[in-house]
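Asker: One structure coming up, written as structure tokens, with questions to follow.
The values are calculated or read from the model by the stated rules, or taken from the named source; none is laboratory data. Quick caveat: nothing in here was measured; it's all calculated off a predicted structure. Neighbour counts run over all protein chains shown; Cβ positions are idealised from the backbone, glycine included. For the accessible areas, the whole protein counts, side chains as well, though only heavy atoms, and no ligand, DNA or RNA atoms are used. Shrake-Rupley method; radii C 1.70, N 1.55, O 1.52, S 1.80 Å.
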Amino acid sequence: MRELDALGPRLRAARRLRGLTLDELGERAGVSPSTISRLESGKRQANLELLLPLSRHLGVRIDDLLSPVDADPRVRRPSIRRHGHVIAPLTAETAPMQTYKITYPPVDAVPAPRVHDGYEWLYVLSGRLLLVLDETRTELEPGEAAEFDTRVPHSMSALGGAPAEVISIFSDAGMRVHRYAEPDEG
């Protein structure tokens, strides 16, 4: 099993990250240092009786030591179209932070502000973006970034009659409001 092939190196990395020697971890977990060494080198088969105390004292989940390595790191999620915006997911749906490339279309009027739990970070790739936070209007150009609490009334729109492309990163709570859009049909 490929999952088990990664166990030894992950166990060693977790131990070293915490600055523990084989002896120190062995003493805390009640496992002999030689057994830990053999687990880390792949010379000993892992079992729950060994992994439970080791993972507990390393502060990691057993799943973190065993999780499969995905051979294909690409994110394959469909783009979303919502109110003229094109939202391209850049992270897996299970990622702790959600990242998107959002294309804001040119509009005639500034959208109504929204409020929701969370936090957002953004970076302008192209075009010009108007960020309205409460009553403050900020124009962002390519290469500029912003961050804000999404509980502050906010809206974003393209300026200058051309689309604006933005990378946006949302905390989990910040993404909930954006999550329920229609998949791209084109």
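Asker: Taking a ≥ b ≥ c as the square roots of the eigenvalues of the Cα gyration tensor of the stretch 1-94, is the shape rounded (a/c under 1.5), prolate (a/b larger than b/c) or oblate?
Answerer: prolate
Asker: By average Cβ neighbour count within 10 Å, what is the ranking of 152-159, 122-129 from highest down?
Answerer: 122-129, 152-159
Asker: Using a probe of 1.4 angstrom, how much of the accessible area of the stretch 27-148 is carbon and sulfur, in percent?
Answerer: 51
Asker: Apply 1/(1 + (r/R0)^6) to the Cβ-Cβ distance of residue 18 and residue 149, taking R0 = 25 Å, and write down the FRET efficiency to the nearest 0.05. Before the final figure, lay out each step's value.
Answerer: Numbers: r = 33 Å, r/R0 = 1.33.
About 0.15, to the nearest 0.05.
Asker: Over the stretch 10-136, what is the mean sequence separation of C-alpha contacts under 8 Å (at least six apart), divided by residue count, expressed as relative contact order in percent? Write down the numbers at each step before the final one.
Answerer: On the way: 89 pairs, mean separation 16.1, N = 127.
So the answer I get is 13 percent.
Asker: Given the DSSP H assignment, sum -39500 (n - 2.57) over each helix run of at least 4 residues in the chain and divide by its residue total; what's the result at 222 nm in deg cm²/dmol, nearest 500?
Answerer: -8000 deg cm²/dmol
Asker: Per residue, what accessible area does the chain have, given a 1.4 Å probe and all protein chains present, in Å²?
Answerer: Per-residue accessible area for the chain comes out at 60 Å².
Asker: Which ³J(HN,Hα) values, rounded to whole Hz and listed in residue order, are derived for the stretch 89-101 from phi using the Karplus coefficients 6.51, -1.76 and 1.60 in 6.51 cos²θ - 1.76 cosθ + 1.60 with θ = phi - 60°, glycine and proline given as x?
Answerer: Residue by residue, the stretch 89-101 yields x, 10, 10, 5, 4, 8, 5, x, 10, 9, 10, 9, 9 Hz.
Asker: State the label only: which of [x] 16.8; [y] 16.2; [z] 19.7 corresponds to Kirkwood radius over Cα pairs in Å computed from the shown model?
Answerer: [z]
Asker: While we're here: Through the Karplus equation 6.51 cos²θ - 1.76 cosθ + 1.60, θ set to phi - 60°, convert the phi angles of the stretch 48-64 into ³J(HN,Hα) values in whole Hz; use x for Gly and Pro.
Answerer: Computed from phi, the couplings for the stretch 48-64 are 4, 4, 8, 5, 4, x, 5, 5, 4, 7, 8, x, 10, 7, 4, 4, 5 Hz.
Asker: Dipole magnitude of the chain about its Cα centre, charges +1 at Lys/Arg Cβ and -1 at Asp/Glu Cβ only, in debye to the nearest 20?
Answerer: About 800 debye.
Asker: Follow-up question, since we're still on this one. Hey, any idea what Rg/Rh is for the stretch 58-148, computing Rh the Kirkwood way over Cα pairs?
Answerer: Taking Rg over the Kirkwood Rh, I get 1.07.
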